[in-house]
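Presented below is the structure to which this report refers.
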Amino acid sequence: MAAGPRRRSSSATPLAAVYGALVLYASLFPFAGWRWPPGQDLTALLALPWPPWRDPFDAWANLLGYLPLGLLVTFAARRSGVTTPTAVLCGLAVPALLSFVCEVLQQFVPTRHPSLKDWAYNGAGAAIGVLLALALHALGWVDRWHALRERWFAADSAGALALLALWPLALLAPAPVPLGLGQVEDVLRSVVAEWLEGVDWAAPALALVTETARAGAPIGPLAEGSITALGLLAPCLLAYGVVDPGWRRLALALGALALAVAAMTLSTLLNFGPQHALAWVGRTTAEALAAGTALACLLAPVSRRVATGCALIVLGALVASVAQAPADPYFALSLQAWEQGRFIRFHGLAQWIGWLWPFAALVWMLLRLGAPRQR
């Protein structure tokens, strides 16, 4: 008997997994001072307190923070073939369980305060996300998206679509150069140095880690422009790997340019205020964006497999170039404001994506190049 059409994998599944992991990270940040809560046994840990204070911002953050998770889990469950009631149950239960685990674990972090009220707001936000998912299904918008995906993208495009959806969010975190994602050198160095500090036999290794810190000399205009152009070209080629040659690729390239400008403008606005929202757009940056867009248009006719291979080269060059970019004082100040100021709740939702996005894209494309179905 002939097999039926293969169900397309849903991009909601990897997005829900990534979002859940980032929520867990943001809930337990800064991961310092872990200890067993004094005078508490396991039963007491499970009985979350109801705090008397009221913080409207915190309430809205807890409510809205879990709305996308309820939405994505419901979409992912529904796309997997389960019935609507089962999908609704998953959309309610998975975020509620994750929130409860986070609240319990917060009791082990001195700087965090567990709260039954937070858990209730998280559950309510997830419920709103479930209702929104049901409404989108009822209005036919999900079917329209599936039809659009059938026309535009390859059958195995779920991973690429998830990465493309995360790319604008990654751009919100401060970067040493516009669109310069993947700078993990300082993070890895600080983590290794913390591990080695106080270990006598590791003193030579600690000295080596400290001495390899990047110099503070500013990056040149050519290198800065190259990073920005590569940062725009990378998601375009990633999309080309799941889209057939034609006018749709040109539309995606222009869409990537628009998203890059919007995300970088929003990031600058959040850091320095509305009056400086466009301060990131200098002559070098503008020329680099134009060059990246032109290269994306020139590569639009290549096959999907060639596009994926080119994307690997571009991402490798991007990661290598960003690793050489020094952390100038202005970048350090904006990063400090992002991590310690009013953006602390977005720290795990944007900065980790900015660090890891190029490497996740590299892994996905390597796996795709090994698949035999590409044209």
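The values are calculated or read from the model by the stated rules, or taken from the named source; none is laboratory data. Fair warning: this is a prediction, and the values are worked out from it, not measured in the lab. All Cβ positions, even for glycine, are placed from backbone atoms using ideal geometry, and neighbour counts span all protein chains on display. Quick note on the areas: whole protein, heavy atoms, side chains included, nothing else; ligands and nucleic acids left out. Shrake-Rupley method; radii C 1.70, N 1.55, O 1.52, S 1.80 Å.
Leaving ligands, DNA and RNA out of it, report the carbon-plus-sulfur percent of the accessible area of the range 261-321 at a 1.4 Å probe.
Numbers: 2150 of 2910 Å².
Carbon and sulfur together cover 74 percent of it.
Per residue, how much accessible surface does the range 49-93 expose to a 1.4 Å probe? Answer in Å², no decimals. Present the calculation step by step, with values, prior to reporting the outcome.
On the way: 2580 Å² over 45 residues.
Value for the range 49-93: 57 Å² per residue.
Just how far, in whole angstrom, is the range 263-291 from the range 124-168 if you go by their alpha carbon centroids?
29 Å
So how do 68-76, 277-285 stack up, highest first, on mean other-Cβ count within 10 Å? Could you put the intermediate results ahead of the total?
Details: 68-76: 26.0, 277-285: 15.4.
Result, highest mean first: 68-76, 277-285.
With a probe of 1.4 Å, find how much accessible area the range 142-187 has per residue, and write the answer as a whole number in Å². Write down the numbers at each step before the final one.
Numbers: 1590 Å² over 46 residues.
Solvent-accessible surface per residue comes out at 35 Å².
How large is ³J(HN,Hα), in whole Hz, for each residue of the range 271-276 in order, when computed from phi with the Karplus curve 6.51 cos²θ - 1.76 cosθ + 1.60 and θ = phi - 60°, using x for Gly and Pro?
Each residue's phi maps through the Karplus curve to give 7, 10, x, x, 5, 10 Hz.
Round to a whole number: what % of the accessible area of the range 14-151 belongs to carbon and sulfur, probe 1.4 Å? Don't jump to the answer; show the numbers that get you there.
On the way: 5440 of 7450 Å².
Carbon plus sulfur share of accessible area: 73 percent.
Listed highest first by mean packing, meaning other Cβ atoms within 10 Å per residue, what order do 178-184, 222-228 come in? Kindly include the intermediate steps, with their values, before the conclusion.
On the way: 178-184: 24.1, 222-228: 20.3.
Ranking, from highest mean packing down: 178-184, 222-228.
Tell me, what ³J(HN,Hα) does each residue in the range 136-141 have, in order and in whole Hz, if you take phi through Karplus 6.51 cos²θ - 1.76 cosθ + 1.60 with θ = phi - 60° and put x for Gly and Pro?
For the range 136-141, the Karplus-derived couplings read 5, 5, 5, 7, x, 5 Hz, x marking Gly and Pro.
When all protein chains stay in place, what accessible area (Å², nearest 10, 1.4 Å probe) is found for Leu132?
Rounded to the nearest 10, that gives 70 Å².
Tell me, what HN-Hα J-couplings in whole Hz come from the Karplus equation 6.51 cos²θ - 1.76 cosθ + 1.60 at θ = phi - 60° for each residue of the range 240-257, using x for Gly and Pro?
4, x, 10, 10, 5, x, x, 5, 4, 5, 4, 5, 5, 5, 5, x, 5, 4
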